[in-house]
1. Name the residues in the range 15-36 that are acidic (D, E) and part of a helix (DSSP H, G or I), would you?
2. Residues to consider are R42, R46; find the one that is part of a helix (DSSP H, G or I), surrounded by 11 or more Cβ atoms within 10 Å (Cβ to Cβ) and among the basic types (K, R).
3. Output the residues belonging to the range 23-52 that are without any contact (Cβ under 8 Å) to a residue 24 or more places away in the chain, among the aliphatic types (A, V, I, L, M) and closer than 19 Å to L11 by Cβ.
4. Please go through the range 21-39 and give me each residue that is surrounded by fewer than 10 Cβ atoms within 10 Å (Cβ to Cβ) and of a type in the set (G, A, S), ordered by number.
5. Condition check: of a type in the set (D, E, K, R), exposed (fewer than 10 other Cβ atoms within 10 Å of the Cβ) and at pLDDT 95 or above. Does D18 satisfy that?
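The values are calculated or read from the model by the stated rules, or taken from the named source; none is laboratory data. Note that this is a predicted model, so its numbers are computed, not measured. As a convention, Cβ positions derive from the backbone with ideal geometry for all residues, glycine included, and neighbour counts pool all protein chains shown.
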Amino acid sequence: MAPPKKNTEALTLRLSRDMIDALDNRRRLEADLPTRPEMIRRLLARCLEQGD
């Protein structure tokens, strides 16, 4: 799933190596192996939907 081209803004984010490794491990559980940015979008969307 590609992000929308309009109404977006780039965001720079630094993560620890441990967090990147955890993100990569989580990506591998997805059927389509999303990119790191896409996985971050998915996780953030899920979190916001749950109200966390």
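1. As a first pass, look at the range 15-36 and keep what is acidic (D, E): 18, 21, 24, 30, 32.
Scanning the range 15-36 gives D18, D21, D24.
2. Details: R46 fails: surrounded by 11 or more Cβ atoms within 10 Å (Cβ to Cβ).
None of the others qualify; the one that does is R42.
3. Within the range 23-52, L23, M39, L43, L44, A45, L48 meet the criteria.
4. Residue satisfying the conditions is A31 alone.
5. Values: of a type in the set (D, E, K, R): yes; exposed (fewer than 10 other Cβ atoms within 10 Å of the Cβ): yes; at pLDDT 95 or above: yes.
In short, yes.
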